[in-house]
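These notes concern the structure reproduced below.
The values are calculated or read from the model by the stated rules, or taken from the named source; none is laboratory data. All values reported here derive from a predicted model rather than from experimental measurement. Quick reminder, even Gly has a Cβ in these numbers, built from the backbone with ideal geometry, and neighbours come from all protein chains shown.
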């Protein structure tokens, strides 16, 4: 039987409150630009008032359920056009702004953060290309009244890391092919676990130009997902990240005009490296959010729950856990902020900082979520408790946008001067 | 002069500054570009509304580390800036908004450069 004696600690500040108190004394190096602070506050409100109340229901819903209402609310806030320049109607944010926004959403629901994050990632190729014709064709839908999503289609049955590590290019097997046919290319192959694949309007699809060994001819194509020959498969029934839909996308003789190529024939690898280095600080921010969400629940519980006549946080063992958890969150945040700042001030973004940030934050999220569950105890182990969901989601980010193994190669590659 | 010769670029950029509209644009935006030519050329110069200056006399709005061959192609409009960045022929250091401003600044620089640039091989 579970004992239920609790006592509230009134007005205990959250980690965010503590950070806000410290901000006045922070040197500019550690302060967010005013426009990013403003965005953070708006997104925090969205996360707390719109996302949080729906989180549990979305997690427990069938695998293929999708909460368009929530996405629409985010769209009204501008989350689907976050990185578009203001002159195009977007919010003009860089990697730093996106990362800070993603931490806020992930602190209540990482999978909701990924819905927006994956769409922004899909848009990145078109935005970054500077190709005005492609931008005119594929960006306006994100500015309309109706929420529209994009996605990024890389992973395949036989190629996950083989399409993330440039040295693997020649060794990749059975990668989706693109065969030239006049002024079109014909795409054939299957993409797996594509976030937003079920609901996106178009995808940035990575395919190997026929005749190139392995994936050495990797090329980015923008493909409307209502094209003839595209089939959206069943939604993966995932352990976590259930609010966002990971889907198989099958391409059978899909004709794509050559003007839909981004960065030229064979430009896929170089672009993929740039994109990954930008995206990793954002994923590190999502992991930081997961850790923060779990920590706040554990902290609240440790302040309320009384054992042996005093709240848990006054017991040294729990105090040590809480202190280490908050230290890991602060360190994760500093690393991702630094990496995002680098990505906003250097093109192409560097390899090292974002990889280090993601590696640390992904691990910290798992450790903090696990400790949170141990502090909350039996309640936290139940399906209807947010900590249980956060534990499951904490494992997600270390799979996408670079596993620890891929990141280790990127980091050591930078340390030894092979990849900068 | 060959593409490898840094003076080709500095001469062209000085010529571009004789275009009053271009010089005014740089001044109005208080925008400066530092070019660091990598490889054997190994030199740096800064372009602002006052002229072309050797080295790094002051921090620039945007610093471009670029191979001379890539800069040659970018100025002639044969290679897009973002493609050059993706291919790592060009590294831009500074706010990303500065890279966007390049779109307005490159055409006048390119026109001046085209007057001096060596003819393509085989031409």
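Exactly one residue among A:127, A:134 is within 14 Å of chain B (Cβ to nearest Cβ), surrounded by 17 or more Cβ atoms within 10 Å (Cβ to Cβ) and farther than 29 Å from residue A:32 by Cβ, and that residue is A:134. Here A:293, A:303, A:309 are screened, and the one residue that is modelled with pLDDT of 95 or more and on the phi > 0 side of the Ramachandran plot is A:309. Identify the single condition in (1) within 14 Å of chain B (Cβ to nearest Cβ); (2) crowded, with 18+ Cβ neighbours inside 10 Å; (3) more than 25 Å from residue A:193 (Cα to Cα) that residue A:418 does not satisfy, given that it satisfies every other one. The one condition residue A:418 does not meet is (2).
Taken residue by residue, the range B:66-87 has no member that is within 11 Å of the chain's Cα centre (by Cα) and within 21 Å of residue A:340 (Cα to Cα). Considering A:378, A:323, A:369, the condition of being out of contact with any strand residue (DSSP E or B) (no Cβ under 7 Å at 6 or more places or on another chain) and crowded, with 20+ Cβ neighbours inside 10 Å is satisfied by A:369 alone.
Against the definition (in a loop (DSSP other than H, G, I, E, B), within 11 Å of chain A (Cβ to nearest Cβ) and either under 14 Å from the mean Cα position of the chain (by Cα) or under 29 Å from residue A:96 (Cβ atoms) (or both)), how does residue B:102 come out, yes or no? Answer is no for this residue.
The residue that is farthest from residue A:47 (Cα to Cα), among those in the range A:69-98 that are in contact with a helix residue (DSSP H, G or I) (Cβ under 7 Å, 6 or more places away or on another chain), more than 14 Å from chain B (Cβ to nearest Cβ) and part of a helix (DSSP H, G or I), is A:81. Name the residues in the range A:243-271 that are more than 12 Å from chain B (Cβ to nearest Cβ), closer than 22 Å to residue A:192 by Cα, in contact with a strand residue (DSSP E or B) (Cβ under 8 Å, 6 or more places away or on another chain) and in contact (Cβ under 8 Å) with a residue 60 or more places away in the chain, would you? Correct list: A:244, A:245, A:249, A:250, A:251, A:252, A:253, A:254, A:255, A:256, A:260. Evaluation of residue B:95 against the conditions (1) at pLDDT below 90; (2) more than 14 Å from chain A (Cβ to nearest Cβ) shows that the sole unmet condition is (2). Can you find a residue that is assigned to a helix (DSSP H, G or I), modelled with pLDDT under 95 and surrounded by 18 or more Cβ atoms within 10 Å (Cβ to Cβ) anywhere in the range A:137-157? For the range A:137-157, residues assigned to a helix (DSSP H, G or I), modelled with pLDDT under 95 and surrounded by 18 or more Cβ atoms within 10 Å (Cβ to Cβ): absent. Residue B:88 fulfils the conditions (1) touching a helix residue (DSSP H, G or I) at 6+ places or on another chain (Cβ under 9 Å); (2) within 12 Å of chain A (Cβ to nearest Cβ); (3) surrounded by fewer than 19 Cβ atoms within 10 Å (Cβ to Cβ); (4) touching a residue at least 12 places away in the same chain (Cβ under 8 Å) except for a single criterion, (4). Can you work out which of the residues in the range B:74-85 that are buried (at least 17 other Cβ atoms within 10 Å of the Cβ) and under 22 Å from residue B:6 (Cα atoms) is farthest from the other protein chains (Cβ to nearest Cβ)? Selected residue: B:75.
Considering (1) away from chain A (no Cβ under 14 Å); (2) touching a strand residue (DSSP E or B) at 6+ places or on another chain (Cβ under 8 Å); (3) over 24 Å from residue B:2 (Cα atoms), the lone condition that residue B:23 does not fulfil carries the number (2). If we scan the range A:184-203, do we find a residue that is outside any helix (DSSP H, G or I), in the same structural domain as residue A:240 (by TED's automatic domain parsing) and free of Cβ contacts under 8 Å to residues at least 40 places away in the same chain? Within the range A:184-203, not a single residue is outside any helix (DSSP H, G or I), in the same structural domain as residue A:240 (by TED's automatic domain parsing) and free of Cβ contacts under 8 Å to residues at least 40 places away in the same chain.
Of everything listed in (1) away from every other protein chain (no Cβ under 14 Å); (2) under 26 Å from residue A:269 (Cβ atoms); (3) more than 12 Å from the chain's Cα centre (by Cα), the single unmet condition for residue B:43 is (2). If the condition is being within 14 Å of chain B (Cβ to nearest Cβ) and farther than 18 Å from residue A:290 by Cβ, then the range A:317-351 contributes A:341, A:342, A:343, A:344, A:345, A:346, A:347, A:348, A:349, A:350, A:351. Only a single item in (1) more than 23 Å from residue A:185 (Cα to Cα); (2) free of Cβ contacts under 8 Å to residues at least 24 places away in the same chain is not met by residue A:231, and it is number (1).
Taking the range A:329-347 as the range and being crowded, with 21+ Cβ neighbours inside 10 Å, over 20 Å from residue A:388 (Cβ atoms) and modelled with pLDDT of 95 or more as the test, the residues that pass are A:332, A:333, A:335, A:336, A:337, A:339, A:340.
To keep it simple, each residue is scored yes or no on (1) at positive phi; (2) in contact with a helix residue (DSSP H, G or I) (Cβ under 6 Å, 6 or more places away or on another chain).
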residue: A:163; (1), (2): no, no
residue: A:179; (1), (2): no, no
residue: A:183; (1), (2): no, yes
residue: A:186; (1), (2): no, no
residue: A:190; (1), (2): no, no
residue: A:198; (1), (2): no, no
residue: A:206; (1), (2): no, yes
residue: A:214; (1), (2): yes, yes
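On the basis of being at pLDDT below 95 and either buried (at least 19 other Cβ atoms within 10 Å of the Cβ) or part of a helix (DSSP H, G or I) (or both), does residue A:101 make the cut? Spelling it out, it is not the case that residue A:101 is at pLDDT below 95 and either buried (at least 19 other Cβ atoms within 10 Å of the Cβ) or part of a helix (DSSP H, G or I) (or both).
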